[in-house]
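The values are calculated or read from the model by the stated rules, or taken from the named source; none is laboratory data. Computed from a predicted structure; not experimentally measured. Cβ sites come from the backbone with ideal geometry, for glycine too, and all protein chains shown count toward neighbours. We work out accessible area using only protein heavy atoms, side chains counted, and drop any ligands, DNA or RNA first. Shrake-Rupley method; radii C 1.70, N 1.55, O 1.52, S 1.80 Å.
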Amino acid sequence: MIRFLTAGESHGKALTCIIEGFPAGIEISEEFINEELKRRKLGYGRGPRMKIEADTVEILSGVRFGKTLGSPITLQIKNRDWENWTEKMSVEKIEKDIEKIEVVRPGHADLVGTLKYKFDDVRNSIERSSARETAARVAACAVAKKFLSYFNIEIGSFVESMLGVYPEDNFYHKLLKNEIPADFSASQINNISDNFELRVLDEEHNIKLKEIVRSHAAKGETVGGTFVTVATGVPLGLGSYMHFDRKLNAKISFYISSINAVKAVEIGGGTICSQMPGSQVTDDIVIENNKIKHLTNYAGGIEGGISNGMPIIVRAAMKPIPTVKVPKKTINIIKFENSETRYERSDVSAVPACAVISESMLAWALSEAFLEKFSGDSITEILKNYRSSQND
Ligand code: EPS
């Protein structure tokens, strides 16, 4: 079993993570992880913090001469902004009076965290619940992505919509109808989306979404949106219908819905399927060139909780980041009185970044399911098991 743990506060010294359970022999480098981190940092609508941070990783353990050892891998991303927060985020007790935050921001973990942990300063909640933590996740899951690449499993993503504005020619619908080339791979998606500031798939849609973000930023608003994550090359047989917590769709939903501000996860056609009669969204199965094939992919590559060899399709929705400049009703939790919101530096939109984080979480979910089926101590052993199973 693989697992990982992240640590670190948003304005603390660093984010770290420990990853455990990957086999020995996977080629991994700081450069590879940094490429993933760079993708998370980009996108039109990000806050000023992203200009401060380098988001580069240091591998502290588990790798020797460029290959994993099978031992726990420790990764560290230093927070450059830390130098501006040494007093406010001091680990040691300090004499100086640091102003406490008393007003909670609705929609964040401010209220619940402050009450749950009996804090007298909302800052204590803000720090760990910040989406800054996802940088550590992306770093950890880069190892999962690299592992999957040995089996030609690729993961890509794109932003689909914002405020109900969808692309004219929606690639999500093409994926569901399986109107994609036979040799389609998920990296082809990123080859396009990574070039657009909003991580969409065409220029016109990029212009429209950019204008949505720009105009809402000017009004002190924020915007969420939907995004689609796709994995190709996933073999048939990952997951199981034998028990609820072994279902691949359940695993994927769990991981993706854990991303900050994600409020909905759909597998394949999801909501669309719920609005159509059964015969129209049940994927026909045929034999073509001596191979089993599904004609459409409304199931999103998963039937009965098990991958069926088709691309895995996940659509998810991110709510707008709740830190808005528009005043909202809230409370001063310390004085226990009504108040208006205070503004904490934030993003106007982080949907493009959220899609990248979703790729990471999907990579983790698939690696977990893959290693449950094809386990081994070294990548060589797993490759051997995998290849022999594919030739059956
Ligand atoms: C983020 C860093 C944070 C925020 C954002 C994500 O930096 P700061 O709080 O210093 O501006 O920009 O966090 C949130 C949107 C949030 O809700 O906490 C990052 O590295 O992604």
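See the values below:
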quantity	calculated
Cross-link pairs K41/K384; K67/K293; K219/K329; K118/K319 - those with Cα-Cα distance over 25 Å	K41/K384; K67/K293; K118/K319
Where trypsin sites (Lys or Arg not before Pro) in DSSP loops with at most 16 other Cβ within 10 Å are excluded, longest remaining stretch of the chain	220-324
Surrounding net charge for P23, when Lys and Arg each add one and Asp and Glu each subtract one, Cβ distance under 10 Å	-2
Proximal charge balance of I302 [Cβ under 14 Å; K/R count +1, D/E count -1]	+1
Exposure ranking of L236, L111 by accessible area [1.4 Å probe, largest first]	L236, L111
The range 156-210 - charge dipole about Cα centre, Lys and Arg +1 at Cβ, Asp and Glu -1, debye rounded to 20	180 debye
Farthest positive-ward along the range 281-389 dipole, Cα basis, beta-carbon charges - from W364, P352, A316	P352
Two-site label geometry, K328 and V112: point separation in nm, points 7 Å out along Cα→Cβ	1.4 nm
More than 41 Å apart - percent of Cα-Cα pairs taken over the chain	17 percent
Where GluC sites (Glu not before Pro) fall in DSSP loop in the range 156-241, at most 13 other Cβ within 10 Å	E168, E179
Difference of contour (0.36 nm per residue) and Cα-Cα distance, K13 to D81	23.6 nm
Sparse-neighbour loop sites [GluC sites (Glu not before Pro); the range 95-126; at most 15 other C-beta within 10 Å; DSSP]	E95, E99
Total charge dipole magnitude, the chain, about the Cα centre, Cβ charges on Lys, Arg, Asp, Glu only, Debye to nearest 20	680 debye
Heavy-atom accessible area order for H173, H205, H216, largest first, 1.4 Å probe	H173, H216, H205
Excluding exposed DSSP-loop chymotrypsin sites (Phe, Trp or Tyr not before Pro) (at most 13 other C-beta within 10 Å), longest clean stretch of the chain	118-240
Cα gyration tensor category, rounded, prolate or oblate, for the range 1-49 with a/c compared to 1.5	oblate
Cα-only radius of gyration and Dmax that characterise the range 111-258, units Å	18.9, 58
Estimated [θ] at 222 nm from DSSP helical runs (n ≥ 4, -39500 (n - 2.57)) normalised by residues in the chain, nearest 500	-9500 deg cm²/dmol
Per-pair calculated FRET efficiency, R0 = 25 Å: S187 and S258 via Cβ, rounded to 0.05	0.55
The range 33-71 and the range 351-392: distance between their alpha carbon centers, rounded to Å	20 Å
Carbon/sulfur fraction of accessible area - the range 80-218, other protein chains in place, 1.4 Å, %	50 percent
Built amide H within the under 5 Å cut-off of T296, gap 5+	D284
Whole-Å distance, taken between Cα centres, linking the range 312-345 and the range 193-220	22 Å
Cross-link table K145/K251; K210/K263; K247/K373, entries beyond 20 Å C-alpha to C-alpha	K210/K263
Paramagnetic reach from K373 in the range 128-156 [backbone N under 16 Å; point 7 Å along Cα→Cβ]	148-155
Length gained when the stretch D169-R64 is fully extended (0.36 nm per residue, less Cα-Cα span)	33.1 nm
For the range 97-161, alpha-carbon Rg over 2.2 N^0.38 Å	1.69
For the range 237-243, 3J(HN,Hα) per residue [Karplus equation, 6.51 cos²θ - 1.76 cosθ + 1.60, θ = phi - 60°, Hz, x = Gly/Pro]	x, 7, x, 6, 9, 5, 8
Where the chain is the region considered: accessible area per residue in Å², 1.4 Å probe	49 Å²
